[in-house]
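Notes to accompany the following structure.
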Amino acid sequence: MIADRINRMEVSKTMMISAEAKKLKAAGADVINLGMGELDFNTPHNIKEAGKLAIDENKTRYTMNVGTVELRTAIASKLKRDNHLEYPLKNIIVTNGAKQAVFNAIMTLVNPGEEVIFSSPYWVSYPAMVSMAQGKSVVIETNIENGFKFTAKQLEDIATPKSKALIFCNPSNPTGSGYNKDELAELAEVIEKKNLYVISDDIYEKLVFDDYKFYNLATVKPSVKDRIVVVNGVSKAYSMTGWRIGYAAANDDIINGMNKIQSHTTSHASAISQEAAIEALSGPQFMIEEMLVELKARRDYLYNELTSIDGIKCYKPQGAFYLFPDISSLLNRQIGDVKFETSMDLAMYLLQEVHVAVVPGSAFGSEGHIRISYSTSMENLKEVMYRLKKAFAKLS
Ligand SMILES: Cc1ncc(COP(=O)(O)O)c(C=O)c1O
């Protein structure tokens with residue numbers, strides 16, 4: 001009965017963990033959930049007010065399918081201000097979250113059988129989306145030693161005449177690693193040479209630490225701009241995950257294609273959320289700085305604690321709000337007769353034993369790791385480390 005495209009899709013491992021976490025919580029357990037892909041901060045006050053005003057002013061009807069002129073103007077200004085990229089409004093589309101922008105871009109670009117390249121560990125939705133488009137996922141593996149980044153040479157070696165696009169997530173979910181300007185310039189050379197389109201998932205652009213500086217590939221090498229679909233949104237930078245506003249900027253054909261898909265499926269993004277997003281992009285930006293101070297303190301605390309545990313290796317990320325420690329030395333250990341062989345086994349054990357929910361690395365195509373989101377208070381993180389150490393110590 002069910003179509004092949006659905007049967008091809010894996011059941012989400014994150015869903016399995018969160019279902020179990022919910023069950024435990026309902027039974028009264030004090031579960032700390034570090035599996036979340038969203039920040040724990042509230043949407044800033046001025047942005048919420050803009051949303052309320054939109055309702056009061058009856059901005060509650062259909063908008064243009066591609067998004068309002070006002071929001072696309074704000075997006076164009078943002079891209080110019082932050083990324084030195086100039087796009088006319090016709091080359092910008094507003095979507096229901098960045099997720100829809102990635103999906104619509106894949107559906108617009110990829111024919112059945114064409115290859116889409118991305119690196120592992122990857123964001124869980126990329127392979128599922130490529131599969132829905134009947135494309136073929138081609139994965140470049142990265143690891144802690146190379147900072148979870150692939151090189152221009154690796155891209156050149158893996159690209160074939162069937163390769164249509166690269167999905168490039170920078171900074172990355174789940175590793176938080178970020179590419180520097182030189183690395184981007186080298187990748188851009190290969191992208192041009194191999195005739196690839198790039199879906200550039202920039203959703204974590206603003207959540208970066210230390211002296212890391214974010215660049216889009218098109219900023220570094222303007223000659224590839226026509227090949228790039230810039231994907232971004234307000235979900236992460238402004239704690240607006242529930243408002244569902246993302247956007248894409250690209251050449252005419254790509255934006256027209258994405259618009260066609262959107263016009264026959266979801267139509268435009270929420271009119272009210274679009275008004276709030278104008279305030280997010282054009283209003284004061286200092287809240288991001290405040291958020292980053294807190295996030296950096298959490299990252300440093302968790303990184304120092306995790307790496308002080310014997311056998312755990314961890315990459316110190318440049319961005320996002322995740323750590324992706326290598327826990328392979330804790331696998332194949334046991335308690336009594338129960339052996340924990342995979343990252344999923346370990347994640348389930350941590351949930352059941354000490355009520356800490358994390359995501360197994362296998363969900364991101366990278367066994368031997370877990371993803372820990374530090375989107376929770378420092379107080380909770382201290383409690384988490386106490387519990388994790390207790391759980392790890394029991395494994396022999
Ligand atoms: C890498 C990456 N891209 C896109 C998204 C989707 O963002 P949005 O909530 O705006 O759809 C996420 C959300 O977790 C993400 O991690």
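The values are calculated or read from the model by the stated rules, or taken from the named source; none is laboratory data. Note that the coordinates shown come from a computational prediction; the quantities given were computed from them, not determined experimentally. Note: ideal-geometry Cβ built from the backbone for every residue, glycine included; neighbour counts use all protein chains shown. Ligands, DNA and RNA are stripped out before the accessible areas are found, and what is left, the full protein with its side chains, is counted by its heavy atoms. Shrake-Rupley method; radii C 1.70, N 1.55, O 1.52, S 1.80 Å.
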Among the candidates Thr160, Thr241, residue that is farther than 27 Å from Leu295 by Cβ, of a type in the set (Ser, Thr, Tyr) and at pLDDT 95 or above:
Thr160
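Answer yes or no: is there a residue in the stretch 14-37 that is in the same structural domain as Leu388 (by TED's automatic domain parsing), over 22 Å from Asn380 (Cβ atoms) and either touching a residue at least 24 places away in the same chain (Cβ under 8 Å) or not hydroxyl-bearing (Ser, Thr, Tyr) (or both).
Checked against the condition, which is being in the same structural domain as Leu388 (by TED's automatic domain parsing), over 22 Å from Asn380 (Cβ atoms) and either touching a residue at least 24 places away in the same chain (Cβ under 8 Å) or not hydroxyl-bearing (Ser, Thr, Tyr) (or both), the stretch 14-37 yields at least one hit.
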Residues of the stretch 181-202 satisfying the condition of being under 18 Å from Val102 (Cα atoms) and away from the ligand (no atom under 16 Å from the Cβ)
Leu196, Tyr197
Only one of Ala249, Ala276, Ala271 is under 20 Å from the mean Cα position of the chain (by Cα), open to solvent by less than 40 Å² (accessible area, probe 1.4 Å), of a type in the set (Gly, Ala, Ser) and in the same structural domain as Phe103 (by TED's automatic domain parsing). Can you tell me which?
Ala249
If I filter the stretch 211-253 down to residues being more than 19 Å from Lys78 (Cβ to Cβ) and part of a helix (DSSP H, G or I), which single residue comes out as nearest to the ligand (Cβ to nearest atom)?
Gly242
Can you find even one residue in the stretch 101-121 that is under 30 Å from Tyr374 (Cβ atoms), of a type in the set (Phe, Trp, Tyr), in the same structural domain as Val234 (by TED's automatic domain parsing) and in contact with a Phe, Trp or Tyr (Cβ under 7 Å, 6 or more places away or on another chain)?
yes
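Please verify whether Asn33 is in contact with a helix residue (DSSP H, G or I) (Cβ under 7 Å, 6 or more places away or on another chain), among the polar types (S, T, N, Q) and away from the ligand (no atom under 16 Å from the Cβ), treating the condition exactly as stated.
no
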When residues of the stretch 192-202 are filtered for being open to solvent by less than 30 Å² (accessible area, probe 1.4 Å) and over 12 Å from the mean Cα position of the chain (by Cα), how many remain?
3
Over the stretch 255-268, the set of residues open to solvent by 10 Å² or more (accessible area, probe 1.4 Å), away from the ligand (no atom under 16 Å from the Cβ) and either without any contact (Cβ under 8 Å) to a residue 12 or more places away in the chain or assigned to a helix (DSSP H, G or I) (or both) is Asn256, Gly257, Asn259, Lys260, Ser263, His264
Do we find a residue being within 12 Å of the ligand (Cβ to nearest atom) and either open to solvent by 20 Å² or more (accessible area, probe 1.4 Å) or in contact with a His (Cβ under 9 Å, 6 or more places away or on another chain) (or both) anywhere in the stretch 101-111?
yes
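Residues that are open to solvent by less than 40 Å² (accessible area, probe 1.4 Å), at least 3 per element: which helices (runs of 4 or more DSSP H) completely within the stretch 1-100 meet that?
By residue number, 13-26, 45-56, 69-83.
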For the stretch 145-161, give me the residue count where each residue is open to solvent by 20 Å² or more (accessible area, probe 1.4 Å), in contact with a helix residue (DSSP H, G or I) (Cβ under 9 Å, 6 or more places away or on another chain) and part of a loop (DSSP other than H, G, I, E, B).
2
Among the listed residues Leu166, Leu155, Leu184, identify the single one that is over 30 Å from Met240 (Cα atoms) and not assigned by TED's automatic domain parsing to the domain that holds Glu294.
Leu155
Exactly one of Lys136, Lys181 is over 26 Å from Arg371 (Cα atoms), touching a helix residue (DSSP H, G or I) at 6+ places or on another chain (Cβ under 8 Å), open to solvent by 10 Å² or more (accessible area, probe 1.4 Å) and free of Cβ contacts under 8 Å to residues at least 40 places away in the same chain, and that one is Lys181
Being open to solvent by less than 30 Å² (accessible area, probe 1.4 Å) and among the aliphatic types (A, V, I, L, M) is the filter here; which residues of the stretch 354-382 pass it?
Val354, Val356, Ala357, Val358, Val359, Ala363, Ile370, Ile372, Leu381
Tell me whether the stretch 203-210 contains one or more residues that are away from the ligand (no atom under 16 Å from the Cβ), open to solvent by 10 Å² or more (accessible area, probe 1.4 Å) and assigned to a helix (DSSP H, G or I).
no
